[in-house]
Amino acid sequence: MSAFADTIFSSSRKRGGPAPRRLRVVLSEDAVARHRAFDCSGYEGCLALAAVENWTSWSCAGCPVGGLRPAPIPTPPVRDPSEPRTSAVPRRTRVAALLQASSGPMHATEIAEHLGVDPLGITTDLSLLTRQGDIVRVGPGTYSKPSAPPPPKDALPPRPPGLESRVLEVIQRSEKAQTGPQIAEAIREAQVPRVANALVKLAQQGKIRRVGRGFYGRVTP
């Protein structure tokens, strides 16, 4: 704790004010309820102190304001010498990996608690990862993994033929001239006016010919 913060909180303890306890390990989900008084009036100030002073974590247990009974201080787990050190992996890589594995968006403070790092220190990592497109910013201080990229065009299923193509196919297969209602029934199109419009367009394009009032046939060579 800096000399300035130590002076403030030493005075606060003497007056019975907030007295957070610095911890050297990140609290587990089960331990949080025993070490944090979320409804305490001084909670926000203690949280700000922990962030400014770069505490790994902190506890409200034993504080005269929070009302929590003293709780055992968690000890750091013993590391297996054969396992690689976490610090060997760049922090930025760990931030990106955490968001990729997360099922939803995460706030910067939540990311910091999961990784056991300074909440203020990962701001640069989050900004750089966002610019690179590795993560996306979905709200104030909240980030998420990018959505899945769209599939390539050749992987998309072919589009079904349009109405004009189906009308033209029916006429080219038929030996006799067809009317709009007949074609609509053949292609299972309930809206006959749409078929009529398609027939007019095809006739204007010279792909079919009008052989009578309401009758259309294929173009003969």
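Summed over the range 197-216, the residues that are modelled with pLDDT under 85 and of a type outside the set (Lys, Arg) give a count of 3.
Evaluate the range 124-141: report whether one residue or more is among the acidic types (Asp, Glu), at pLDDT below 85, open to solvent by 30 Å² or more (accessible area, probe 1.4 Å) and assigned to a loop (DSSP other than H, G, I, E, B).
The answer is no; no qualifying residue exists.
Checked against (1) within 15 Å of Thr220 (Cα to Cα); (2) out of contact with any Lys or Arg (no Cβ under 6 Å at 6 or more places or on another chain); (3) open to solvent by less than 20 Å² (accessible area, probe 1.4 Å), Ile171 passes all but a single condition, namely (2).
Going residue by residue through the range 1-8, is there one that turns out to be outside any loop (DSSP other than H, G, I, E, B), modelled with pLDDT of 70 or more and open to solvent by less than 90 Å² (accessible area, probe 1.4 Å)? Please lay out each step first, then the result.
To start, the set of residues in the range 1-8 that are outside any loop (DSSP other than H, G, I, E, B) comprises 3-8.
From the residues that got through so far, the ones that are modelled with pLDDT of 70 or more too are none.
The answer is no, given that none of the residues of the range 1-8 is outside any loop (DSSP other than H, G, I, E, B), modelled with pLDDT of 70 or more and open to solvent by less than 90 Å² (accessible area, probe 1.4 Å).
Looking only at the range 26-39, filter to residues that are touching a helix residue (DSSP H, G or I) at 6+ places or on another chain (Cβ under 8 Å) and at pLDDT 75 or above; which one of those is least open to solvent (accessible area, probe 1.4 Å)?
Going through the range 26-39, the residues touching a helix residue (DSSP H, G or I) at 6+ places or on another chain (Cβ under 8 Å) turn out to be 26-27, 36-37.
Right, trim to at pLDDT 75 or above and you get 36-37.
Values: Arg36: 20, Ala37: 4 Å².
Filtering the range 26-39 for residues that are touching a helix residue (DSSP H, G or I) at 6+ places or on another chain (Cβ under 8 Å) and at pLDDT 75 or above, the one least open to solvent (accessible area, probe 1.4 Å) comes out as Ala37.
Identify, from the list Ser147, Ser103, Ser165, the residue that is among the small types (Gly, Ala, Ser) and either surrounded by 10 or more Cβ atoms within 10 Å (Cβ to Cβ) or modelled with pLDDT of 85 or more (or both). Of the residues listed, the single one that is among the small types (Gly, Ala, Ser) and either surrounded by 10 or more Cβ atoms within 10 Å (Cβ to Cβ) or modelled with pLDDT of 85 or more (or both) is Ser165.
The values are calculated or read from the model by the stated rules, or taken from the named source; none is laboratory data. Source: prediction; values computed, not measured. With ideal geometry, Cβ positions are generated from the backbone for all residues, glycine too; neighbour counts draw on all protein chains shown. Surface accessibility is based on the protein's heavy atoms, side chains included, excluding ligands, DNA and RNA. Shrake-Rupley method; radii C 1.70, N 1.55, O 1.52, S 1.80 Å.
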